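The values are calculated or read from the model by the stated rules, or taken from the named source; none is laboratory data. Since we're looking at a predicted model, the values are computed, not measured. Cβ coordinates were reconstructed from backbone atoms using ideal geometry, including for glycine residues, and neighbour counts include every protein chain displayed.
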């Protein structure tokens, strides 16, 4: 039975996702700083594309691991020692459902934001007619990603760390 590298009873891919959640928000902040303060639109675009691709690959690998290796998150939690009490498992399930709401909406919002930007901004990127909508979608995506990170970390904590 293999575990991840963070010292808890989670899987390797779950630990990778937790690290990604911890790194993504500061990286998005850096990307926003580059575009807002330094007007570095090229770096902002590159960072957003890289973040999107890295997260897509990490989440895809995580889903494969969770579904095919562990046959679901409840099987992964079932091996934890000490086991979760039924009330705690119900709470963890609710935290996960809240997390999934944000995770799915983030995927949709961020993909829409990125695809529209790639389609509607000139190359190299610079302010254009799409800027206003992009700014709105970008901030919604950022807020959604922050909530995805917070709820994902909460799930990990309650499922694998808390007693």
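Farther than 21 Å from residue 141 by Cβ, outside any loop (DSSP other than H, G, I, E, B) and modelled with pLDDT of 90 or more - does that describe any residue in region 15-35? Looking for residues that are farther than 21 Å from residue 141 by Cβ, outside any loop (DSSP other than H, G, I, E, B) and modelled with pLDDT of 90 or more, one finds at least one in region 15-35, hence yes.
Across region 1-22, the number of residues qualifying as on the phi > 0 side of the Ramachandran plot and touching a helix residue (DSSP H, G or I) at 6+ places or on another chain (Cβ under 7 Å) comes to 0.
Pairs linking a residue in region 53-81 that is closer than 19 Å to residue 157 by Cβ to a residue that is loosely packed, with under 12 Cβ neighbours inside 10 Å, with Cβ atoms under 7 Å and 6 or more positions apart or on different chains, are 66/72; 79/1. For residue 138, state whether it is at pLDDT 95 or above, at negative phi, in a loop (DSSP other than H, G, I, E, B) and more than 14 Å from the chain's Cα centre (by Cα). When the stated conditions are applied, residue 138 does not pass them. Of all residues in region 40-71, those satisfying the criterion of being surrounded by 11 or more Cβ atoms within 10 Å (Cβ to Cβ) and outside any helix (DSSP H, G or I) are 40, 70. When restricted to residues that are surrounded by fewer than 13 Cβ atoms within 10 Å (Cβ to Cβ) and closer than 18 Å to residue 35 by Cβ, region 99-114 contains 0. Criterion applied to 84, 76, 147, 96 was being on the phi < 0 side of the Ramachandran plot, surrounded by 15 or more Cβ atoms within 10 Å (Cβ to Cβ) and part of a loop (DSSP other than H, G, I, E, B), and the one residue passing it is 84.
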